[in-house]
1. What Kirkwood radius, in Å to one decimal, follows from the Cα pairs of the range 193-289?
2. Quick check on packing: order 539-549, 54-64, 98-108, 224-234 by the mean number of other C-beta atoms within 10 Å, highest mean leading.
3. At q = 0.07, 0.08, 0.10 Å⁻¹, what log₁₀ I(q)/I(0) does the chain have when each alpha carbon counts as one equal point scatterer in the Debye sum?
4. Roughly how many nanometres apart are two label points built 7 Å out from the Cα toward the Cβ at Arg82 and Ala527?
5. Give me a comma-separated list of calculated 3J(HN,Hα) values for the range 484-501, in order, Karplus coefficients 6.51, -1.76, 1.60 applied at θ = phi - 60°, integers in Hz, x for any Gly or Pro.
6. Given all pairs of different Cα atoms, what value in angstroms does the Kirkwood hydrodynamic radius of the range 232-339 take?
7. What does the convex hull of the Cα atoms come to per residue for the range 302-351, in Å³?
8. Leaving out ligands, DNA and RNA, what percent of the accessible area of the chain is carbon and sulfur, probe 1.4 Å?
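The values are calculated or read from the model by the stated rules, or taken from the named source; none is laboratory data. Nothing here was measured: the structure is a model prediction, and the numbers come from that model. Heads up, the Cβs are rebuilt from the backbone with ideal geometry, glycines too, and the neighbour counts pull from every protein chain shown. For accessibility, only protein heavy atoms count, side chains too; no ligands or nucleic acids. Shrake-Rupley method; radii C 1.70, N 1.55, O 1.52, S 1.80 Å.
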Amino acid sequence: MPRGPEGNPRARPDVSSPVHEPIENYALIGDCKSLALVSNTGSMDWLCLPRFDSGACFAALLGTHEHGRWLIRPVGHVRATRRRYRGDTLILETVFETHEGVATVVDCMPLGTDVPEVVRLVVGTRGVVRMRTELIIRFDYGAFIPWVRAKPDGIVAIAGPDLLRVRTPVRLHGENFHTLAEFTVSEGQTVPFSLTWAPSTSPEPPCTDPQANLARTEAAWREWSRRCTYQGHYRDLVMRSLITLKALTYAPTGGIIAAATTSLPEELGGSRNWDYRYCWLRDATFALYALLTNGYLDEARAWRQWLLRAVAGYPPDVQIMYGVAGERRLVEQELDWLPGYANSRPVRVGNAAHRQLQLDIHGEIMDTLHVGRCLGLEALEDGWRVQVALMRALEKTWRQPDEGIWEVRAPRRHFTHSRMMAWVAADRAVKSVERYTLPGPVDEWRALRQAIHDDICQHGFNPTLNSFVQHYGSEELDASLLMLPLVGFLPAKDPRVVGTVQAIQRGLTRGGLVQRYRTPSQVDGVAGGEGAFLACSFWLADNLALQGRTEEARVLFERLVALSNDVGLLSEQYDVDNARLVGNFPQAFSHVGLINTARNLAGPGGAAERRQRE
């Protein structure tokens, strides 16, 4: 039986109990290569090493403690817990107050290290606090128990290709099943823990100085945050969202993932559980737009290079998503040994939607690269050649039905949003030639732009409903139609846009928040329902602001930001009935919406007005 540091037997905890902490209880740490989620109980329940999309070595988020976690918290009763990020950084501080004193757990993943590392420091703030740590390491999403060897300064865990090295002055006890210990921390004392990853074929990772790495990482985050050019209202919220987008950026390539997790459900107990740890062209372009308009040109350059590498080849073969290094095969599979978050099955890794046809991505790529030119990003000859090739492909495909922005797993349709973004592609191609004298068949593109515009107005607008509709010939609404004025297709005060906004407010809102579409319509071919989609709710606020309904927009915006958790993070959706965040977390799309709406509410020259002008 494992024994504590003073030789007293310790009862083995129940590791088979499911982990159903609310999603909002988690905070993100990361090093722009990999990431972890830490709950406000001090438990690290999600950690993927060495990349965002690697198999998790802590997967309790999607199962039980048995699937891997790392707990550090006081022994016994905790009177109060509070946490925060340390200024404009991704360094998390969780303060535990007990009857004996106060201790702070500082969590971070150091930037710029040779090997991935997690640093956890326990700092005594007042009195003497008894602490406990419990470390349950599993590989490949909890599938494999590693071989664990004790070391004088910690442990080594090995299984297959993975090796984890934990170093600490605390004497750890245990076996393959789990490792634990108790220790005390006094006022002014710091007890360090360091976890590093390496391939099992390599030597053990070298010893590092956790406190020095923490200090260097704090300086790096503060320097990055100082580059932000936004100084308007809600700056703290905007800054936290920008930091989150940066944390979701894979530094070696510049690719931006959609979210930190896989299979967090859109409906508790449901099957709408998808892997978002990949680079959607659509999500990445929205994220890059938010970064570009707030002063982060370096990230735009890195993403552009990732894009050119990822889509290189035959233009019609462009995918809607890629791996962080541009991988194209993202085979979807189900992990049947995991019960799922809140018993939401199946747990999926990979994403079959990478094979879908989504015509809107042409518009998002063309728009973002055009905005980059407008904001001073230097031109690349290869970049324009890719854009011309994309336009040639779009000329042949824009009339085809597709799976659309929401990645339906049902028969293809003529989605109005997809056609609208095809118009955006033609519009930005024309503007690129007109404003920057780039070579291209501008007369053909002008004609194409007009043809698409006429087609949408004729087939995508329902006069009886006084609204644009989800797909041609239907009477269904879709929140993606809120993008019509945001991309400049029609002015926000055009009667058809006003009618569409009113129809969406009547037919697609619950508790004042916007749903993507009516799931009972079965347009997506997936059973069950979902929560309100936060990005779409921000789009509604943008429309209200552009229509001069500023106070309504502000009220909605403040309702949305109030849904973020105590450290400013948002998931993909919100369950109005259960008052909980749902969907993958944190979600880039939601934070992009927050950034852009904050800018729109800042007054003339906001994100939406700028996008229409450009």
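1. 16.7 Å is the Kirkwood radius here.
2. 54-64, 539-549, 98-108, 224-234
3. For the requested q values the scattering log ratios are -0.43, -0.56, -0.86.
4. Distance between label points: 4.7 nm.
5. 3, x, 5, 9, x, 5, 9, x, 4, 9, 4, x, 5, 6, 4, x, 5, 4
6. 15.3
7. Per-residue hull volume (Cα only) is 102 Å³.
8. 50
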